[in-house]
Structure formats: structure tokens, C-alpha cells
1. Please compute the volume of the convex hull spanned by the alpha-carbon atoms of the stretch 50-103 and report it per residue in Å³.
2. Nearest 500 deg cm²/dmol is fine: what mean residue ellipticity at 222 nm does the chain get from its DSSP H runs of n ≥ 4 alone, each adding -39,500 (n - 2.57), divided by its residue count?
3. Leaving out ligands, DNA and RNA, and with a 1.4 Å probe, what % of the accessible surface on the stretch 222-311 is carbon or sulfur?
4. Output wanted: per-residue J couplings in Hz (rounded whole) for the stretch 317-329, from phi through Karplus 6.51 cos²θ - 1.76 cosθ + 1.60, θ = phi - 60°, x for Gly and Pro.
5. Between Val327 and Lys88, with labels modelled 7 Å along Cα→Cβ, what's the label distance in nm to one decimal, could you check?
6. Taking the highest mean first, how do the peptides 247-260, 166-179, 437-450 order by number of other beta carbon atoms within 10 angstrom per residue?
7. With a ≥ b ≥ c the root eigenvalues of the C-alpha gyration tensor of the stretch 210-259, is it rounded (a/c under 1.5), prolate (a/b larger than b/c) or oblate?
8. For the stretch 123-168 and the stretch 318-348, what is the separation of their Cα centres, given in Å?
Amino acid sequence: MRGLIFLLLATFSVPAAGQETGTTSPFRIVEIPAPGRTAVAGFSDLDGDGRHDLYSISLTGVPPDSKRELRIHFQDRGGTFRTRPDWKGPLVPDAAAYDVVSLDGGTRYSFLLLRRHSVSVLSFVGRELQLQDLIIPGDPTAAVGPDERGIDRVRMTLDLGSGLYIAVPGLGEYMLLTPEGELIARLDVGQRANYFGPNRPGPLVSESELETFLDFPRVEVGDVNGDGRSDLLFASRHELRVFQQRADGSFGEQADRQFTLGRLSEKDLIRGSGSVRAAAGDINGDGRTDLILTTTTGGIVKMRSETTLHLNRAGTWNLDAPDRSFVLERGWNTLQLVDLDGDAKLELVEARIPFSILELIELLMTREVDVDLSIFRAGADGLYPEKPWMETTVHIGLDFDTLTLEGFPPTLDADLNGDGMHDRVESEDGTEIKIFLGGGKEPLQKVSARQKLDAHGLLRFGDLNGDELTDVLLFAPDQPDSSIRVLLNRGVLPGTPQRPIDHQPGT
């Protein structure tokens with residue numbers, strides 16, 4: 001159940017026939033065939049020609065006969081892709097996670113693959129594969145084995161002001177490498193582990209001799225002590241460790257500050273139902289990183305979620321005396337700090353799922369979950385007021401056969417009309433895309449555009465064709481042989497700035 005709640009809250013050659021609803025449709029839709037299960041897909045300039053290319057990683061079969069394949073469609077000068085990939089090859093067998101980054105600060109991007117004792121760098125200069133393994137000496141990374149059901153993107157580079165580093169999660173430690181592969185730091189960040197070994201003799205309740213849950217702490221970057229340098233924060237459900245960047249750009253092996261959070265009771269620990277999540281950012285604009293903690297306790301139908309805000313004062317936080325507290329007595333919530341309107345101030349976005357026996361009955365009968373969305377803007381005192389700036393309810397349909405959403409998860413991560421404000425994007429039970437623009441008299445509340453299409457899957461955003469407008473990528477990891485849908489922004493959304501004729505999308 002917790003995994004389902006997390007899912008609720010937790011991204012051109014052949015045009016799609018019959019998908020658009022007229023000249024006002026915000027997107028021109030292009031479908032790219034994608035045999036197998038598309039685990040991930042995205043836009044990046046991989047060959048360095050200034051045009052974004054389309055990449056995907058597909059999975060076929062069931063272990064031990066399953067295969068993972070990287071596929072790349074290079075964009076040609078006319079802004080189109082071939083239906084077949086221009087390059088494809090098997091993914092490194094033991095790769096556990098990936099990232100797509102620019103290691104030289106330029107426009108050309110490379111793949112990073114997290115492996116047990118190395119990070120593999122895949123580059124495509126001249127559209128030919130160049131592979132380099134950056135060996136990590138000593139203890140292994142957190143890549144204990146490949147993910148048999150897919151592969152996720154994990155942030156594997158950090159810009160800490162003093163330079164760009166490859167960041168590698170390990171077993172209780174965090175490693176920083178130069179782009180050339182030189183190991184410069186191993187930070188003792190801690191970890192959580194839980195093991196389950198079935199009783200012998202006893203009933204067959206497990207398919208494994210030993211099951212392991214390994215949890216690496218969440219990583220946040222910010223200036224904690226106000227010296228103008230980026231520090232590293234590592235937060236788990238039990239503690240927070242702060243590593244301060246030194247004047248020469250280095251870090252100590254041990255944390256400079258360590259905080260015991262003490263948010264969970266022994267009862268919550270025993271039943272494993274509690275969680276403590278941390279987010280960091282400069283909320284009041286004083287140059288120091290503030291802290292937000294969200295604690296969920298109780299059982300499935302007696303959940304209690306409390307979010308506390310702790311302003312940074314003199315380089316530290318008073319965790320016992322929050323500056324603001326928000327409580328949800330029966331339910332689960334998630335939060336995000338994001339600058340929605342481009343004013344360099346962070347809004348707090350909170351999504352709440354009220355949960356009780358009545359809500360559970362409603363879920364089973366309607367196969368739909370109601371998510372209460374609230375957005376808080378910091379006031380003059382640097383605190384979020386108790387009353388949100390905007391609130392609404394999002395209705396999300398569920399597919400009980402696959403335990404997935406009927407459509408894609410709603411998001412506030414994109415600016416689709418180019419006005420500098422984030423927009424709200426939702427699906428309608430997987431049958432259309434709806435856009436709520438962030439500007440105007442009713443920001444994020446009124447449907448500004450909608451378009452019929454197969455909206456199942458996950459969204460990714462980026463400027464694919466260089467027209468300075470955000471395009472959308474849509475793919476469905478749970479639907480084998482589902483095509484990758486590219487939604488090219490036609491520039492017809494209200495508030496879209498005028499552009500020269502040679503930059504007009506969809507022409």
C-alpha cells in the first residue's frame with residue numbers, strides 16, 4: 001500500500017493518426033516504435049551537433065533470459081528521427097542505475113552507468129560509442145546487482161561551485177570523483193539495512209533464503225554555515241549529517257555536524273510503517289539552507305503526517321522548536337520545494353492523500369484516489385503561512401490489474417508556454433493531457449488546453465527541436481511494445497511569446 005501511495009505522488013517520422021482535436025491542439029504528436037518494455041526515455045544532445053537526440057532503454061523477456069538494450073535516435077538537420085534507432089547495443093550487464101550528464105560543461109552529454117566497482121562513461125562523439133570505465137578502488141558501490149524490472153535515473157553529478165564531481169553512492173559512504181575519474185573523497189554518510197531470513201523449519205512464505213532492504217540517505221546540496229560554499233546534507237529517517245566544504249573545495253571523511261532526528265517511536269520502528277523525509281532550500285532568502293522534515297507515523301488507516309519547517313539560524317537548525325508546523329491527522333503527504341513563478345523564492349508544494357476506512361472503501365468502489373494539492377508561498381517573515389496560496393483536488397484513476405495509474409502522475413515540473421512560470425500537467429484517466437497554466441487570473445486552477453491522446457506512462461520534458469519551447473516525452477514502462485510518444489509544442493498555448501517565423505514550432 002505504501003508503494004502505491006508513493007506512486008500516486010511521485011516523469012519524428014510517423015505522426016499519430018486521430019490523436020489531435022483541431023488546430024488549437026497544443027502538441028504535434030510523433031510516435032517512435034519501441035519494441036519491448038521502455039524502462040526509461042529522454043532527450044539529450046549525445047553527439048554534440050547542437051540538436052537533442054532521443055534515447056531509451058528497453059527490456060525484453062524474463063530472467064534469466066531477459067535483455068536490456070540502449071537505443072538512440074539521432075536527430076537530423078530537418079528535426080526528424082528515423083523509425084529505427086541509429087545506434088543500439090546491450091546495456092552493461094551489471095548496471096544498476098544511470099544518469100545523462102555533460103562532463104565538460106558543454107552541450108554534449110554522456111551516459112553514466114553505476115556498476116559494482118566502477119562508473120562507466122558512454123559517449124557518442126561522431127555517433128560512435130566510446131566507453132570508459134572509471135574504476136573505484138576499495139569497497140564496492142551501492143550497485144549490488146542490476147534491477148531485474150528496469151533501471152532508474154539517479155543523480156550522479158554535483159556542481160559544488162569548486163568544480164563538477166561525479167557522485168557515487170556506496171555502502172554507507174558517498175564518493176566524489178573528478179570527471180577524469182580521480183577519487184577525491186569518501187564520505188561516511190551512514191545507511192539503513194533490514195534483513196529477512198525465513199524460519200527453518202516453517203511455512204514457505206518467501207522465495208528467497210535472505211531478503212535485503214538497503215536504504216541510502218537522501219542527498220541535498222546547500223550552504224549551511226553561510227560561507228558561500230556548497231555543503232552536502234545526508235538525511236535518513238533517523239539522522240542528518242552535514243559535510244561542510246572547505247576553502248580548498250575538499251570535504252572531511254566524517255560529518256562536521258550530526259543531528260539525531262528522533263521522529264519515530266519504537267512502535268513505528270517495529271512495524272516499519274513510519275517514514276521521515278527531508279527537503280532543503282533557502283526559503284527566507286538569507287543565503288543559508290533551511291530544512292523541512294515530514295514525518296509519517298501510525299498504521300495504514302491511522303496515518304498521521306506532520307511537516308515542520310526549521311529556518312537556518314547561525315548555521316544550524318533547532319529541530320526541537322520548528323518555525324512552522326503543518327499536521328494531517330489521517331493521511332499521507334508528500335512535498336516539494338520549487339520556484340514556480342521565477343521570482344527566486346521557493347514555494348512549498350504539498351500533496352495530501354486523506355486515508356481512513358471510508359476513503360479505503362471509496363478507493364475500492366470508484367478505483368480513484370483524491371489527492372489534495374496545496375501550494376504555500378513564503379511571507380515577508382520567510383515563513384509559509386498556515387493558509388495555502390492555492391489549493392485544489394486532483395482525481396487519479398487506478399488500474400487494479402497492474403497497480404499503476406490510469407494515465408501519468410500529475411506534475412508541476414514544466415513551463416509549457418514559455419512565460420517563466422511552471423504549469424500544472426495532468427491526464428484524464430489516460431485518455432488526454434490537460435494543461436493548467438501558471439499565469440493569468442487563475443494560475444494553476446483553470447484548464448487552459450487539453451488534447452486527446454494515449455496518456456498512459458511517464459512524462460519527461462525538454463526543448464527537443466531548439467525552438468525555446470518545452471516539448472514532452474511520454475512512454476509506458478508497464479506496457480510492452482508501446483510506442484514512445486513525442487509531443488512537439490506547437491506554440492499555441494495562451495501567453496506564449498512570439499518568435500521569429502523560422503522558430504515557429506510545428507511548421
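1. Numbers: hull volume 5.1 nm³, N = 54.
So the per-residue Cα hull volume is 94 Å³.
2. It lands at -1500 deg cm²/dmol.
3. 45
4. With coefficients 6.51, -1.76 and 1.60, one gets 10, 8, 6, 8, 9, x, 7, 7, 9, 10, 10, 10, 5 Hz.
5. 5.7
6. On the way: 247-260: 13.2, 166-179: 20.1, 437-450: 16.8.
The most tightly packed comes first, giving 166-179, 437-450, 247-260.
7. Numbers: a/c = 2.77, a/b = 2.32, b/c = 1.20.
Judged from the Cα gyration tensor, the stretch 210-259 comes out prolate (a/c at least 1.5, a/b above b/c).
8. If we compute the Cα centre of each part, the gap is 31 Å.
The values are calculated or read from the model by the stated rules, or taken from the named source; none is laboratory data. Nothing here was measured: the structure is a model prediction, and the numbers come from that model. So basically every Cβ, Gly included, is an ideal-geometry build from the backbone, and we count neighbours across all protein chains shown. For the accessible areas, the whole protein counts, side chains as well, though only heavy atoms, and no ligand, DNA or RNA atoms are used. Shrake-Rupley method; radii C 1.70, N 1.55, O 1.52, S 1.80 Å.
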